[in-house]
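Peer 1: Sharing a structure here in structure tokens format.
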Amino acid sequence: MHCLIPLLLLLGPAQMTDFQAGFAEADVSPKLGMEQPGGYGKVFHQSFHDACKARAAVFRHNGTTVALVGLDALGIDRRSVLRVREQIQTKCGIPGPNILIGASHSHSSGPVGMVMPGDYDHSDALVRKLAYDDSSMADLKYLETMEAGIVDAVCKAHSRLSVSTAAVGKGLENQVAFNRRFRMKNGMTMTHPGQNNPDILEPAGPVDPEVIVLAAWNAEGKLTGCVVNFCCHATTNPGGISANYVHYIEKVIQGYYGKDCPVVFLNGNSGDVTQVDNRNPKVHRKPEPWAEFVGGRLGAEALKVLLTLDRSAKPIPLATATKTEVMTKRPPSPDRLAKALQLVKGDQKKADPTEWAFAKETVLLNAQIQKFPTAEVEVQVIQVGPLAYITNPAEFFCDFGLEQKKQSGFPFTCPVSLANGCVGYVPTAEAFSDRGGGYETRLTSYSNLKVGSGERITAMGIELAKSLKPGPVTEAPDAPPFKGQPWSYGSVPPEIR
């Protein structure tokens, strides 16, 4: 008599050589009344729409453990990243360089900037007022909540590691994201020139329609979670506190697989890509239907990819590579600073709101550079088999991501922006040329790295990716050879009577 022993019992506890996966999430929603990020002035949350979350995926194979965190936040300060990594390494042993924290850039999330409390304490009374009273500012209590949520999500995902299979695939969604920069008849480049503007010549940059999905299944064949990568600003703002369109990606996927299937979202290089189609001849959707449209279509495309993946493979190896450089900021000219000081010292009510806002930013940048003349820029590559996640800490232009996809050497490449820090917009050198311009090139306390920094960051990512060896792309096994015997039910001539 033969005894059928389950395979898992034969294997015993999960070994370090097994591919393992675990997923978890934590609520990091701000409280009503806290500041809403995304602008240069203060705006406050007055309603709640859906939860902001820290969503984590942890993978382990052959002694290497990596963590991917998708954070519903405008960005994440470098100091928060370092604190979180230290806590995670202490609590569950994942090395700091193996932890990727990517902010979705949700404009409807919690108060994480633009100004950090204390950063302008060295300045005079005018600058402190402009920074703390007149600018969007982080809330230290909220940062504690957010950081604790990230740590909790990663450590829970780590505790849920189990022997798994996983696969990577991609789809295309070309109806929800558009480059917002346009070359105009006057030779300039303009951001959001407006619908039906007759002076538009052509888009000044590309989009990236790829929806790349990494998924993992447990030993029973249940989907335990997935990681979705796509390139689009999270500015749909459905109303109140919200994860933005990411909420609807999650809603679609969990509608099929269940609420216990975390969906980790990592935004691509969307510095110049939003949901707004400036060449759309029709009236734009209202905020909530727009969020549903963008997130719903992305979720549907991700679901299609999930349903086509082979569930039997293990994407190996896991590997990481990181490089950090200190990059200099570009200061405002003395003339620009003098004009800005004159404007902000005057009556704000009589000033043009846009001119006043960027004059304020010029004054703040000048004060910031006195204390922080440089920025620490980390570029990280995390490999999961045939897939490479290449990070940058910026609102990075889409062009850079497409170049990394072209040169990485990996079958699947996911650029991840606003990851492991935040240095604001980093446009292409072409955007700073005589034919350039637009909002993203404005010099502010938020965006100020020297021209050429984007090209350097891009090259760093490609160099790191090329230092790793891609794993094989997993596919379903080939069907057996034809045995010379067709299906007996169907191998007959037509039967009329």
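The values are calculated or read from the model by the stated rules, or taken from the named source; none is laboratory data. Since the model is a prediction, treat every value here as computed from it, not as a measurement. Note that each Cβ is placed from the backbone with ideal geometry, even for glycine, and that neighbours are counted across all protein chains shown.
Peer 1: For the list (1) surrounded by fewer than 17 Cβ atoms within 10 Å (Cβ to Cβ); (2) touching a helix residue (DSSP H, G or I) at 6+ places or on another chain (Cβ under 9 Å); (3) among the hydrophobic types (A, V, I, L, M, F, W, C); (4) assigned to a strand (DSSP E or B), I need the number of the one condition that LEU337 fails.
Peer 2: (4)
Peer 1: Here's a follow-up. Take LEU402 and decide whether it is within 30 Å of VAL228 (Cα to Cα) and surrounded by fewer than 24 Cβ atoms within 10 Å (Cβ to Cβ).
Peer 2: Numbers: within 30 Å of VAL228 (Cα to Cα): yes; surrounded by fewer than 24 Cβ atoms within 10 Å (Cβ to Cβ): yes.
Yes, satisfied.
Peer 1: Looking at ALA367, ALA319, which is the one that is over 28 Å from the mean Cα position of the chain (by Cα), farther than 23 Å from GLY454 by Cα and not hydroxyl-bearing (Ser, Thr, Tyr)?
Peer 2: That would be ALA367, the only listed residue that is over 28 Å from the mean Cα position of the chain (by Cα), farther than 23 Å from GLY454 by Cα and not hydroxyl-bearing (Ser, Thr, Tyr).
Peer 1: Could you list, in sequence order, the residues of the range 128-161 that are more than 27 Å from the chain's Cα centre (by Cα) and surrounded by fewer than 21 Cβ atoms within 10 Å (Cβ to Cβ)?
Peer 2: ARG128, LYS129, TYR132, ASP133, ASP134 - these are the residues of the range 128-161 that are more than 27 Å from the chain's Cα centre (by Cα) and surrounded by fewer than 21 Cβ atoms within 10 Å (Cβ to Cβ).
Peer 1: Using the structure shown, decide if ALA359 is crowded, with 24+ Cβ neighbours inside 10 Å, free of Cβ contacts under 8 Å to residues at least 60 places away in the same chain and in a helix (DSSP H, G or I). Walk me through it before giving the result.
Peer 2: Details: crowded, with 24+ Cβ neighbours inside 10 Å: yes; free of Cβ contacts under 8 Å to residues at least 60 places away in the same chain: yes; in a helix (DSSP H, G or I): yes.
Here the answer is yes, as ALA359 does meet what is asked.
Peer 1: Name the single residue, out of those in the range 62-87 being within 25 Å of GLY471 (Cβ to Cβ) and either in contact with a His (Cβ under 9 Å, 6 or more places away or on another chain) or modelled with pLDDT of 95 or more (or both), that is surrounded by the fewest Cβ atoms within 10 Å (Cβ to Cβ).
Peer 2: Ranking the candidates gives THR64 first.
Peer 1: Next up: Quick one: ARG311 ticks every box in (1) basic (Lys, Arg); (2) part of a loop (DSSP other than H, G, I, E, B); (3) touching a helix residue (DSSP H, G or I) at 6+ places or on another chain (Cβ under 8 Å) bar one, so which box is it?
Peer 2: (3)
Peer 1: Report, by residue number, each residue of the range 238-255 that is at positive phi and over 16 Å from the mean Cα position of the chain (by Cα).
Peer 2: Hits for the range 238-255 are GLY239, GLY240.
Peer 1: Pick from the range 429-459 the residues that are of a type in the set (A, V, I, L, M) and surrounded by fewer than 21 Cβ atoms within 10 Å (Cβ to Cβ): which of them is nearest to GLU355 (Cα to Cα)? Spell out how you get there, then give the answer.
Peer 2: Residues of the range 429-459 of a type in the set (A, V, I, L, M): 429, 431, 443, 449, 451, 457, 459.
Subsequent filtering for residues that are surrounded by fewer than 21 Cβ atoms within 10 Å (Cβ to Cβ) retains 429, 443, 451, 459.
Values: ALA429: 25, LEU443: 13, VAL451: 23, ALA459: 35 Å.
The qualifying residue nearest to GLU355 (Cα to Cα) is LEU443.
Peer 1: Which of the residues belonging to the range 373-399 are under 24 Å from ALA167 (Cα atoms) and buried (at least 24 other Cβ atoms within 10 Å of the Cβ)?
Peer 2: GLN380, VAL381, ILE382, GLN383, VAL384, GLY385, LEU387, ALA388, TYR389, ILE390, THR391
Let's see how each residue does on (1) small (Gly, Ala, Ser); (2) in contact with a helix residue (DSSP H, G or I) (Cβ under 7 Å, 6 or more places away or on another chain):
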position: ALA429; (1), (2): yes, yes
position: ASN448; (1), (2): no, yes
position: VAL451; (1), (2): no, yes
position: GLY461; (1), (2): yes, yes
position: SER491; (1), (2): yes, no
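Peer 1: Can you tell me which of ALA291, ALA302 is buried (at least 24 other Cβ atoms within 10 Å of the Cβ), modelled with pLDDT of 95 or more, among the small types (Gly, Ala, Ser) and closer than 25 Å to SER47 by Cα?
Peer 2: When all the criteria are applied, what remains is ALA291.
Peer 1: Taking the range 74-118 as the region of interest, how many residues are of a type in the set (Val, Ile, Thr), under 16 Å from the mean Cα position of the chain (by Cα) and in a loop (DSSP other than H, G, I, E, B)?
Peer 2: Number satisfying all stated conditions: 2.
Peer 1: Now for a separate question. Take the residues in the range 215-229 that are touching a residue at least 24 places away in the same chain (Cβ under 8 Å) and not in a strand (DSSP E or B); name whichever of them is nearest to PHE59 (Cα to Cα).
Peer 2: My answer is ASN218.
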